[in-house]
Amino acid sequence: MKTQSIVSIATLSKQDILSLLREAEWFENHPNSKILDGKVVATLFFEPSTRTRLSFETAVNRLGGRIIGFSDPAATSTSKGETLKDTIKMVSNYVDLIVMRHYLEGAAQYATEVTDIPVINAGDGAHQHPSQTMLDLYSIYKTQGRLDDITVTMVGDLKYGRTVHSLLQALSHFRVKFRFVACDELRMPREFIDFCETQGIDYCESTDFSEDIINDTDILYMTRVQRERFVDLAEYERVKDLYTLHNAMLGGSRENLRILHPLPRVNEINVDVDDNPKAYYFQQARNGLFARQAMICRCLGINPMNQFK
Ligand code: CP
């Protein structure tokens, strides 16, 4: 298998996605297989992260590889004026794979253009977060038993939320109905509405987070209003608390409903939901370990199932 970068979920075919999901399932049963012995992976985080960085690092550690990297760019030569290009070229001298989060949209694509080693985009601005999408798909598959014939309701910051953009693109390979719940300021961007239109995807938009919508949903995907993406903080203050899920709103929901959230949450899911068996966001984050193990191996050209036949 050849090495490859994963910058956008849009570059993965339905077959790619399905085989990554099978491999994630395999890793869930074999999380400590030492198949990265001798490999070194860099995690370069120019933006804050808890889950993505730590689960990528755990994924590598459990597979027997080694990690270098940083979570505070101020402690690197970036603070002396070193360019992203030079940073990527330097790190490429030392490692087999780069996992990078950056605040600029397009930064991961740019990184692939200045290095010969594979790059995984761990989030670039409001653009893409493909490893989050893979763990979201894995979570949907695990909880629903399928990816077809489900209704997904996305709530909150649909404008800046890179996770909802990536998830919508990935689920376009399957028969999924979408409900987009957001205020006017944070509506799903026009390009993604046009995408639904051209792909013949069944969708509707609402500003009202009603129990009728919740009751007609299989996957309720809550998102945080992202303060860091707003130019006008007064606008953030106006919209930040418009949609909060409370346990009392789930009384008429389907038995198979699962509540997902990429996390971190702020106010959009009240803590009284946490003990509801339909709350799945903490297990969802755990699934990230297995989805990321699959992606790391894919990018390094390793088929885990072949290694252990
Ligand atoms: N979901 C997610 O990307 O979380 P972190 O920002 O903590 O990595």
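Annotation: for a label point projected 7 angstrom from Cα along Cα→Cβ of Lys278, residues of the stretch 222-247 with backbone N closer than 11 Å are 246-247.
Using Cα pairs under 8 angstrom and six or more residues apart, how large is the relative contact order of the chain, in percent?
Numbers: 577 pairs, mean separation 68.6, N = 309.
RCO, the chain: 22 percent.
For the stretch 131-263, the share of alpha carbon pairs falling in successive 10 Å distance bins from zero is 12, 46, 35, 7, 0 percent.
Over the chain, the pair-distance histogram of Cα-Cα distances with 10 Å bins from zero comes to 6, 28, 34, 23, 8, 1 percent, rounded to whole numbers.
My understanding is that a pair violates if its Cα-Cα distance is over 29 Å; which of Lys14/Lys142; Lys14/Lys240; Lys14/Lys177 do that in this structure? Could the numbers behind the result be given before it?
Numbers: Lys14/Lys142 17 Å; Lys14/Lys240 35 Å; Lys14/Lys177 17 Å.
The pairs that break the limit, which is 29 Å between Cα atoms, are Lys14/Lys240.
Plainly put, the stretch 190-235 has a radius of gyration that is 1.05 times its Kirkwood radius, both from alpha-carbon atoms, as the Rg/Rh ratio.
Here the calculated FRET efficiency for Asp72 and Leu104, from their Cβ-Cβ distance with R0 = 30 Å, stands at 0.95, rounded to the nearest 0.05.
Taking the chain as a Gaussian network of alpha-carbon nodes connected by springs under 10 Å, the highest mean-square fluctuation of the residues Val231, Val271, Val60 belongs to Val231. Counted residue by residue at 0.36 nm each, then reduced by the alpha carbon distance between them, the extension gain from Met1 to Lys80 reaches 24.6 nm.
Just so you know, all these numbers are worked out from the coordinates, no wet-lab data involved. Source: prediction; values computed, not measured. Cβ: placed from backbone, ideal geometry, glycine included. Neighbour counts: every protein chain shown.
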